[in-house]
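**Q** Input: one structure, supplied below.
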Amino acid sequence: MTTRSARRTRRTTRTLQVAGAGVAALLALSACSSSDDTSDSSDAAKSSTSSSPKLSGTVTVFAAASLKESFTALGEQFEKAHPGTEVTFSFGGSDSLAASVTGGAPADVFAAASPKTMAIVTDKGDAATAPSTFVRNQLEIATLPGNPDKIASLKDLTRSGLKVVLCDKTVPCGAAAQKALDASRLKLTPVSYEQDVKSALTKVELKEADAAVVYKTDVKAAGDKVEGVEFPESAQAVNDYPIALLKDAHNTAAAKAFIALVRSPEGQKVLTDAGFLKPAS
């Protein structure tokens, strides 16, 4: 009886030893697999990082004059987020900028104040990507501080003796103003036609004009230098602003990243805070 008991004890011991060895082997395999997975994950992370090269160099952006304040702020954000980059801007009338692009002026990005002026570039095949609307803008009347002439409507601008400035009809803000006047069946002869919206606004700021039809964003940017007067006809002339990467861009990677910033929630906040409207859904 004692012998049989001893044999059972030896068999149980051998069974436990075998089982223990099996468990140890499984644990070793599991640890090895876990180590391999961690290694693979680490390698994948490194590969992902290395596949996104650091941005550097200059990005040249041609943009409508009305984008000056907001794009300048976005340029500073971009440079801070990507050390080693520099964003340079050329602001002006969209038609003049479009003509510069098609004439071979070096630029990476074009942001226009209307699809019509963007078409000058795309029709010549000078855009590398299809333009996309990133904001909209609406007109407003800019008057002298305190609105001494008591301008309350678009019709008031037709009063005799009032010095009014408009953007040239070839410029998006001028085309929009003319569209609003046509919708109201009003005729207005301005004291001057300006080549971009900032020039029109400056006439009022310098008291060389009593009023100008500009964008809401420009009135807001001017602060207390002018006073804004809304008019319902402006709803008939809201401008879409398209942006596109240019075909001859010298810094494509950074240019794409800047466009992405403009379209991002962060970029849209800067633009809407400046008075721009979000793109139509």
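**Q** Gain in length, D248 to R159, computed as 0.36 nm per residue apart minus the alpha-carbon separation, to one decimal in nm? Each step should come with its number before you reach the end.
**A** On the way: separation 89, 0.36 × 89 = 32.04 nm, distance 4.86 nm.
Here the answer is 27.2 nm.
**Q** Another question, then. Label K169 and K220 with points 7 Å out from Cα along Cα→Cβ: what is the distance between them in nm?
**A** A separation of 3.1 nm, rounded to one decimal place.
**Q** Can you pull out the GluC sites (Glu not before Pro) in the stretch 171-209 that DSSP calls coil and that have at most 15 other Cβ atoms within 10 Å?
**A** E208
**Q** Where only protein heavy atoms count, and the probe is 1.4 Å, what is the accessible area per residue for the stretch 139-237 in Å²?
**A** Details: 4670 Å² over 99 residues.
Computed with neighbouring chains in place, this is 47 Å² per residue.
**Q** Near T170, within a Cβ-to-Cβ distance under 13 Å, what is the net charge of the other residues, with Lys and Arg +1 and Asp and Glu -1?
**A** On the way: positive: K116, K169; negative: D95, D168, E194, D196.
Net charge in that neighbourhood comes out at -2.
**Q** Where the accessible area of the stretch 139-237 is counted over protein heavy atoms with a 1.4 Å probe, how much of it, in %, is carbon and sulfur?
**A** 47
**Q** Further, regarding this structure: Which trypsin sites (Lys or Arg not before Pro) in the stretch 100-138 sit in a loop by DSSP (not H, G, I, E or B) and have at most 14 other Cβ atoms within 10 Å of their own Cβ?
**A** K124
**Q** Rounded, prolate or oblate for the stretch 139-237? Axes are the square roots of the Cα gyration tensor eigenvalues, ordered a ≥ b ≥ c, and the cut-off for rounded is a/c under 1.5.
**A** Since a/c stays below 1.5, the shape of the stretch 139-237 is classed as rounded.
**Q** Okay, next question. Add +1 for every Lys or Arg and -1 for every Asp or Glu among the other residues with Cβ under 12 Å from the Cβ of E227, and state the total.
**A** Working: positive: K150, K220, K225; negative: E140, D149, E205, D210, D224, E230.
Net charge around E227: -3.
**Q** At 0.36 nm per residue, minus the direct Cα-Cα distance, what do D273 and K124 gain on full extension? Give it in nm, one decimal, please.
**A** Numbers: separation 149, 0.36 × 149 = 53.64 nm, distance 3.41 nm.
Here the answer is 50.2 nm.
**Q** Calculate, in nm to one decimal, what E86 and T72 gain on full extension: separation in residues at 0.36 nm each, minus their alpha carbon distance.
**A** In short, 3.9 nm is gained.
The values are calculated or read from the model by the stated rules, or taken from the named source; none is laboratory data. These numbers come from a predicted model, not from an experiment. All Cβ positions, even for glycine, are placed from backbone atoms using ideal geometry, and neighbour counts span all protein chains on display. Keep in mind that these areas ignore ligands, DNA and RNA; they rest on the heavy atoms of the full protein, side chains included. Shrake-Rupley method; radii C 1.70, N 1.55, O 1.52, S 1.80 Å.
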